[in-house]
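Step one of this worksheet: look at the structure below.
The numbers here are math on the coordinates, done by the rules we state, and not lab data. Every value quoted in this text rests on a predicted model; they were computed, and no experiment measured them. Methodologically, a virtual Cβ is constructed for each residue, glycine included, from the backbone with ideal geometry; neighbour enumeration extends over all protein chains shown.
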Amino acid sequence: MANDVSVSPTPIQRNKFDVAVELTALEGTVFGFENHVDIEKAFAKYYSLATKLEAHRRSDNLVNFLSEDLKKHFE
């Protein structure tokens, strides 16, 4: 029996919680937070956005939110 075990790496997968945490941290780094209520509001905003986008990720309606330059790639 071999002593070496080989495992192939799996891609990193983020869920909506991870996305909300990262965006909240980014907002805090860029703009700062006054208090814990601002952090809670930012997290709730990003978590709800991620939840909504996850539910509609296959929807063509999301293309309407892109800038005109980016929309050209979806035509």
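Between Asp69 and Lys52, the contour length at 0.36 nm per residue exceeds the alpha carbon distance by 3.8 nm.
Working note: Karplus 6.51/-1.76/1.60 with θ = phi - 60° gives the stretch 24-33 the couplings 5, 4, 5, 4, x, 5, 7, 10, x, 10 Hz, where Gly and Pro are set to x.
With a cut-off of 15 Å between beta carbons, the residues surrounding Ala20 carry a summed charge of -1, where Lys and Arg count +1 and Asp and Glu -1.
Per-residue extension of 0.36 nm, minus the Cα-Cα distance of Val37 and Ile12, leaves a gain of 5.9 nm for this segment. Applying the criteria of a DSSP loop state and at most 10 other Cβ atoms within 10 Å to the chymotrypsin sites (Phe, Trp or Tyr not before Pro) of the stretch 3-42 yields no site.
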